[in-house]
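Below: one structure, written as structure tokens.
The values are calculated or read from the model by the stated rules, or taken from the named source; none is laboratory data. All figures in this text were calculated on a predicted structure; none of them were measured in a lab. Backbone-built Cβ (ideal geometry, glycine too); neighbour counts: all protein chains shown. Ligands, DNA and RNA are stripped out before the accessible areas are found, and what is left, the full protein with its side chains, is counted by its heavy atoms. Shrake-Rupley method; radii C 1.70, N 1.55, O 1.52, S 1.80 Å.
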Amino acid sequence: MQRALLALGLAAALLAHAASAAAHVVFAEPQAQGGAYYAGFLRVSHGCGTSPTISVRVDIPPGVLMARPQPKPGWRLSVAREPLAEPIPSEGGSITERVVSITWRGRLPADQFDQFGVMMKLPAQAGPLYFFVTQTCARGERSWSQVPAEGQPWGSVESPAPVLTLAAPQGAAPETSHDHRH
Ligand SMILES: [Cu+2]
């Protein structure tokens, strides 16, 4: 009987931990195809304690050469870019710079959730791709930038970075197709 209670308690604790991890900053759809165009939505589901979120900044990993933010009514948008070492040939001319971070400034009460959209051309690779997010609140800040050790669950660290799990690329995405999907 005691052993059963212990197991029950452990299971409940694990569930609570998994549930709390899922309430961090995550991608609404955390699976994607390497090399594909992908619209990702970062879900912010709580503030810093009871303090509202006043800005959300996402750092775009180096392998992502194209990233476009989704504007959000009531929020101010700023995009930081840096020049590429080598221009990359692309349809309609070469890409000479890439987006390194996107910031939305506005207000999200601590007990409400919202999503922040980014359209990207994902790197042609398989495996996890981490996005560092800085959530600034009226009081306090949270840096979602921890990467769990190999083999450790995502929720095993206190402030995990939102992660996209990329499936192996399936042949090169035809360049012209992206005009028609968004
Ligand atoms: Cu959380």
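For E175, work out the one condition from (1) among the acidic types (D, E); (2) within 18 Å of G63 (Cα to Cα); (3) modelled with pLDDT of 95 or more it doesn't fulfil.
Failing condition for E175: (3).
Among the residues of region 9-21, is there at least one that is at pLDDT 95 or above, more than 16 Å from the ligand (Cβ to nearest atom) and open to solvent by 40 Å² or more (accessible area, probe 1.4 Å)?
Checked region 9-21: no residue is at pLDDT 95 or above, more than 16 Å from the ligand (Cβ to nearest atom) and open to solvent by 40 Å² or more (accessible area, probe 1.4 Å).
Suppose we keep only residues that are at positive phi and in contact (Cβ under 8 Å) with a residue 60 or more places away in the chain within region 35-74. Which one would you say is nearest to the ligand (Cβ to nearest atom)?
The extreme case among them is G49.
Across region 22-34, which residue is farthest from the ligand (Cβ to nearest atom) among those that are assigned to a loop (DSSP other than H, G, I, E, B) and at pLDDT 95 or above?
The selected residue is G34.
Does R107 satisfy the condition of being among the basic types (K, R), open to solvent by 70 Å² or more (accessible area, probe 1.4 Å) and under 19 Å from R57 (Cα atoms)? Even if it seems obvious, please write down each step before you answer.
On the way: among the basic types (K, R): yes; open to solvent by 70 Å² or more (accessible area, probe 1.4 Å): yes; under 19 Å from R57 (Cα atoms): yes.
Answer is yes for this residue.
Taking E86 as the residue in question, decide whether it is over 14 Å from the mean Cα position of the chain (by Cα), loosely packed, with under 13 Cβ neighbours inside 10 Å and assigned to a strand (DSSP E or B).
Considered against the rule, which asks whether it is over 14 Å from the mean Cα position of the chain (by Cα), loosely packed, with under 13 Cβ neighbours inside 10 Å and assigned to a strand (DSSP E or B), E86 comes out as yes.
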